[in-house]
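Taking it in order: structure first as structure tokens, then the write-up.
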Amino acid sequence: MKIKTRRYYIYCLVRIAFFLLNLIPLKISLAAAGFLGKRAFRLLRKYREIAVANLDAVFSSDHDSNVRIAECVFENLAKNGAEWIKLASLDPERLGEVVTEFEGGQHLDEALSGGKGAIVLGFHFGNWELLGMYLRHRGYEGDAIVRRIYFHKYDKFVADMRHRFGVNGIYRDDSPKKMLRVLRNGEVLGVLADQDVDSVDGVFVDFFGRPAYTPTAPVKLAMAAKTKIVPAFVIRKPDNTHKIILERPIDVSAAKSGEEEVKRYTGEWTGVLERYVREYPEQWVWLHRRWKTRNQ
């Protein structure tokens, strides 16, 4: 009961914070968020150590550089929060002022041309929440698989924010039939799948030279619908606007079902992610225990 009461208090404080911060211009909010992100890096020792340890394991040659990258990760996450707050009052038609570059739209159009929908595979990269919102802004129909928040006020609050921009969620623990229905309607199904979640089906694939337990849902859904996977990235630019890049489709439509094929295509999209993380290491969420699950 105490925990539930505390959640209500926190929820009320969050709503008050949203109201007050919405009165502040976005540029000022982002500057303040950058400062707070640096402070969080100093204060949140547990997550700082996870991020730096992950970076040291991948980029072992320069510890000091890895510490700076980890600090930038915290800054980016804080700025994501500031932008999320401003989205509560932003006219959806003005989303083009936040996302100023869009590259690779032809790849999604190609994937959709077969009439079997397409899976847009996003990652915890840049400000990933903008991906589904911007695709809806561009006129693409579809839904996104989302994580259920087990406190109804939080869950409704987040869902309402997404709904403002036309993004509807299918919970991760819902029936796969709901997800396949989106694809069979010829629409876009958004998925995030770059974290180690031992409660979902996965396989071990190479990620930065280490076996990483990786969800297989994107590939299995694409196989079932005989469609394609389009990896997508949201990149924060120096001026704090964003660029969205859609990569070439991974064609799973003719793949045979079976563990080896699932592992092959899961490894293929993981390789695309690794390439972007190497290029923009400060934009990926290193403070997650990505290699937590061990390959027995």
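The values are calculated or read from the model by the stated rules, or taken from the named source; none is laboratory data. Computed from a predicted structure; not experimentally measured. All Cβ positions, glycine included, derive from the backbone under ideal geometry; neighbour counts span all protein chains shown.
Observations
- Any hit, the range 46-60, residues being in a loop (DSSP other than H, G, I, E, B) and either modelled with pLDDT of 90 or more or aromatic (Phe, Trp, Tyr) (or both): yes
- Test: residue in the range 14-31 that is loosely packed, with under 15 Cβ neighbours inside 10 Å and in contact with a helix residue (DSSP H, G or I) (Cβ under 7 Å, 6 or more places away or on another chain): no
- Some residue of the range 105-112 being over 19 Å from Ala224 (Cα atoms) and without any contact (Cβ under 8 Å) to a residue 60 or more places away in the chain: yes
For every residue, the table says whether it meets (1) hydrophobic (A, V, I, L, M, F, W, C); (2) over 30 Å from Gly37 (Cβ atoms); (3) in contact with a Phe, Trp or Tyr (Cβ under 8 Å, 6 or more places away or on another chain).
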residue	(1), (2), (3)
Ser257	no, yes, no
Glu260	no, yes, no
Arg264	no, yes, no
Trp269	yes, no, no
Val272	yes, no, no
Arg278	no, no, no
Trp286	yes, no, no
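- Residue, nearest to Arg264 (Cα to Cα), within the range 204-250, restricted to residues that are in a strand (DSSP E or B) and over 18 Å from the mean Cα position of the chain (by Cα): Val205
- Subset of the range 71-91 (residues that are in a loop (DSSP other than H, G, I, E, B) and crowded, with 19+ Cβ neighbours inside 10 Å): none
- Hits in the range 49-82 - residues which are farther than 14 Å from Glu282 by Cβ, in contact (Cβ under 8 Å) with a residue 60 or more places away in the chain and of a type outside the set (Val, Ile, Thr): Ala57, Ala82
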